[in-house]
Amino acid sequence: MFEVSSEKLLLWIQNINTNEEDRDSLYQLIDLRGGISRSEINSFKIKPQKVVNMKVSLDSLSENWNEFIQIKKPIQYICNSCYWRDLNLEVNKYVLIPRVETEQITDIALNLISDSKKELIIADLGTGSGAIAISLALKNSLWTVLATDIEQNAINLANNNFKKYSNTNNLKLFCGRWWQPLKKYAGKINIAISNPPYIPLKVYENLPISVKNHEPQIALNGGDDGLLHIREIIEEAPKYLKKDGWLLLENHFDQAQKVKTLMMHYGFESIRIVKDLYGIGRFTIGRYK
Ligand SMILES: C[S@@+](CC[C@H](N)C(=O)[O-])C[C@H]1O[C@@H](n2cnc3c(N)ncnc32)[C@H](O)[C@@H]1O
């Protein structure tokens, strides 16, 4: 632990010349790396403390901050950690930083489940850090959650993230292409969820440096029209879903209608477009009949 007075910490923050947007990142850094939350920092303004115990020194935080400013490395990668729903997940360069809008997909899935005493098989295709799969596996040990990813390093990380929260074995991780590792579960999956790479290539090429230079291309690039992977997932879904099983997809802001059309084409019914917190048709869900 590194001891610093609250006065010195507040002064250090004050001396960092930054805009409002980056200020949130600064507080995130102090929280994730230093172990001091923003609300604690605010409380020091009213009630100063002689000694604050930080996990790292202010010099070390300054080095991290320079890395963020100079090479635009996201704070979550600098700290190898991020908050998502009620989880604190490890992240590294092999996985996407799970986004706040994706948090909703867990709630959409939970709302589809009426009987919590029923055993279910749920799949998360392209699990990355494991965010979606872990949030569901922790909700109910009667549910078997199957998570796949093409990137073995993501599978290893998701496994570590799950072990941090649970010693149950209701999360099963597989390395491979979308549904392919799940052949044994063909026709048995009740709910399949995916937040696949869906950014159209041209849009991907113009993403901010913080994303393009640091987040894995394989997690974002959805090919020419962004629908390359979504198409494959929908096309294969009928083999793997149980009759009446649900497919939940996250999509780019302008893709929902196209995803809906694809789902209709492959025999889905009860198709709905669900808006995210910003009013964007971010999720498309349908039931395989
Ligand atoms: C947008 S990220 C989503 C990660 C995580 N589910 C989340 O919401 O934060 C897409 C994920 O799909 C994986 N992926 C890309 N192509 C894949 C493929 N052909 N088969 C399986 N997974 C793939 C990437 O490695 C990445 O982890």
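No lab work stands behind these numbers, since they all come straight from the coordinates. Not measured: the values here are computed from a predicted model. Backbone-built Cβ (ideal geometry, glycine too); neighbour counts: all protein chains shown.
Things to note:
- Calculated FRET value between GLN257 and ASN42, using beta carbons and R₀ = 41 Å, to 0.05: 0.40
- Straightening the chain between SER114 and MET1 buys 36.0 nm, computed as 0.36 nm per residue apart minus the Cα-Cα spacing.
- Among LYS188, LYS47, LYS73, residue whose mean-square fluctuation peaks in a GNM of the chain (springs only between Cα atoms under 10 Å): LYS47
- Of all DSSP beta bridges in the chain, antiparallel share, percent nearest 5: 50
- Extending 7 Å from Cα along the Cβ direction at ASP59 and again at SER270 yields two label points whose distance is 6.1 nm.
- Count, lysine Cα pairs under 28 Å in the stretch 1-154, 8 or more residues apart or across chains: 16
- Cross-link partners for LYS258 among the aspartates and glutamates, with Cα-Cα distance under 18 Å and sequence neighbours closer than 8 places in the same chain left out: ASP224, ASP225, GLU232, GLU235, GLU236, GLU250, GLU269, ASP276.
- Computed label-point distance, nm, for sites LEU201 and GLU101 using a 7 Å Cα→Cβ extension: 2.3
- Cα-based shape type of the stretch 141-255, given that a ≥ b ≥ c are square roots of the gyration tensor eigenvalues and the cut on a/c is 1.5: oblate
- If you plug the beta carbon distance of ASP225 and ILE280 into 1/(1 + (r/R0)^6) with R0 = 22 Å, you get a FRET efficiency near 0.75.
- Within the listed set TYR94, TYR185, TYR77, the Gaussian network model of the chain (springs between alpha-carbon atoms below 10 Å) gives the highest mean-square fluctuation for TYR185.
- Fluctuation leader among LEU146, LEU241, LEU262 - the chain, Gaussian network, Cα springs under 10 angstrom: LEU262
- Kirkwood Rh and Cα Rg combined as Rg over Rh, evaluated for the chain: 1.02
- GluC sites (Glu not before Pro) within the stretch 113-220, DSSP loop, no more than 15 other Cβ atoms inside 10 Å: GLU119
- Stretched out straight at 0.36 nm per residue, the stretch from ASN160 to LYS8 would grow longer than its current Cα-Cα span by 51.1 nm.
- Fully extending the segment from ASP86 to ASP22 would add 20.7 nm, taking 0.36 nm per residue of separation and subtracting the current Cα-Cα distance.
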